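The values are calculated or read from the model by the stated rules, or taken from the named source; none is laboratory data. This one's a predicted model, so the numbers in the text were calculated from it and none came from an experiment. Using ideal geometry, Cβ is built from the backbone for each residue, glycine included, and neighbour counts are taken over all protein chains shown. Just so you know, the surface numbers come from the protein's heavy atoms only, side chains and all, with ligands and any DNA or RNA stripped out. Shrake-Rupley method; radii C 1.70, N 1.55, O 1.52, S 1.80 Å.
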Amino acid sequence: MPGAVNGILIVDKPADWTSHDVVGKVRRLAGIRRVGHAGTLDPMATGVLVVLLGRATRASEFAEAQRKGYSAHIRFGLTTDTLDTEGNVLSESGISPTLAQIEEVLPRFRGDIEQVPPMYSAIKVNGRKLYEIARAGGEVERKARKVYITRLDCSGPMENGDFALDIECSKGTYIRSLCADIGAALGCGACMSALRRTYSGGFRVEDALTLEEIELRGVESCLLPADTLFSDRPALRLAAAREEKAVRNGTDIPAPPGTPDGEVRVYAGDGEFLMLGEAKDGVLRTIKSFFEV
């Protein structure tokens, strides 16, 4: 469709904005409704928010699944109902551990761990978001979820007594819960005092744009193509028109000679990104299509 806006924006989300606020702003700037995001950030958090426009919204599930990196600050001796410093104080122990004591418990939180989602989160239980229940003074039982922490390192203390955490983790990890659980393991309590997402998959905060920069430059000049999300997969260009037609019809085709098994980026002869595909046993099938219907 001529003039259609399709692609990926890497936004440096400002503090005190919800991820939904950012999507709303981008919708107004781009003049389209079909805008979404991958990987929600809390209002107090800043950093990489992957915003998808037009056909690129089809890639949401893949963007959300990518590993994410965070720089977080943890405050010991304080617990709150939101698990961060913006919530209501539940307890103050006045105890702050040493770096050596913190490092002694960190191995418990690396690798496969289970987390109970915080009440102040957007997860739905019986059709209601947990934070709606929490704001009404309620609390419900939440099932623990498995997440994976690839990296968890600590440094500090800083001038204000907080410590810094460097984290790489899987989709669905709550850094607020991680901070609270570390504090519980040390017996002094803790909550998150700051959070910045430093990367999501291959998208890094150094390459992210502020909303002001996007507005100044114009959305379309800031867009990355949808296939950027799959840049680590091999590229395959279809030489025959009949192959392209079959792919557009959702039909499996014989994988061209030399195609490696696994996921591949598939392009039309003119370079149009058609789909993320999978080659297996000599057959190429569609995982997700990205061409204009």
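Taking the C-alpha atoms only, the angle from helix 175-186 to the longest principal axis of the chain is near 40 degrees. Measuring nothing but how far apart in sequence close Cα pairs (under 8 Å, 6+ apart) lie, relative to its length, the chain scores a relative contact order of 21 percent. Averaging Cα coordinates gives a centre for the stretch 168-209 and one for the stretch 61-121; these two points are 7 Å apart. Accessible surface calculations at 1.4 Å, restricted to protein heavy atoms, place the stretch 252-293 at 49 Å² per residue.
Once the mean 1/r over all distinct Cα pairs of the stretch 1-108 is inverted, what Kirkwood radius in angstroms do you read off? Write out the running numbers ahead of the final one.
Working: mean 1/r = 0.0604 Å⁻¹.
Result for the stretch 1-108, one decimal place: 16.6 Å.
Note: the stretch 167-293, Cα convex hull, 163 Å³ per residue. Inverting the pair-averaged 1/r between distinct Cα atoms of the stretch 94-227 gives 17.5 Å as its Kirkwood hydrodynamic radius.
Express the C-alpha Rg of the stretch 1-42 as a ratio against the empirical globular expectation 2.2 N^0.38 Å, rounded to two decimals. Kindly include the intermediate steps, with their values, before the conclusion.
Details: Rg = 11.0 Å, N = 42, 2.2 N^0.38 = 9.1 Å.
Relative to the 2.2 N^0.38 Å estimate, the stretch 1-42 comes out at 1.21.
What part of the accessible area of the stretch 154-260, given as a whole %, is carbon or sulfur when the probe is 1.4 angstrom? Whole-percent figure for carbon plus sulfur exposure: 50. Separation of the alpha carbons by more than 32 angstrom is noted, of Lys124/Lys280; Lys146/Lys280; Lys129/Lys288; Lys13/Lys280; Lys171/Lys280, for Lys124/Lys280; Lys13/Lys280.
Fraction of C-alpha pairs exceeding 12 angstrom in the stretch 244-293: 58 percent, rounded to a whole number. Solvent-free Debye calculation, one equal scatterer per alpha-carbon of the stretch 28-87: log10 I(q)/I(0) at 0.13, 0.23 Å⁻¹ equals -0.51, -0.99. Based on Cα contacts under 8 Å between residues 6+ apart, the stretch 18-177 shows a relative contact order of 23 percent. For the stretch 1-108, the list of trypsin sites (Lys or Arg not before Pro) that fall in a loop by DSSP and count at most 16 other C-beta atoms within 10 angstrom reads Arg33, Arg34, Arg67.
Can you list which of the chymotrypsin sites (Phe, Trp or Tyr not before Pro) found in the stretch 97-166 are DSSP loop residues with at most 11 other C-beta atoms within 10 Å?
On the way: sites: Phe109, Tyr120, Tyr131, Tyr148, Phe163; in loops: Tyr120.
Answer in residue order: no site qualifies.
Working note: Cα gyration tensor of the chain, eigenvalues times five, square-rooted, sorted largest first, giving semi-axes of 41, 22, 18 Å.
Peptides 76-88, 231-243, ordered by how many other C-beta atoms sit within 10 Å of their residues on average, highest first, read 76-88, 231-243. Dividing the mean sequence gap of close Cα pairs (under 8 Å, 6+ apart) by how many residues the stretch 115-263 holds gives a relative contact order of 13 percent.
Over every pair of different alpha-carbon atoms in the stretch 60-135, take the mean of 1/r and invert it; report that Kirkwood radius in Å. Write down the numbers at each step before the final one.
Details: mean 1/r = 0.0647 Å⁻¹.
Every distinct Cα pair counted, the radius reaches 15.5 Å.
Of all beta bridges that DSSP places with both ends in the chain, some 90 percent have antiparallel geometry.
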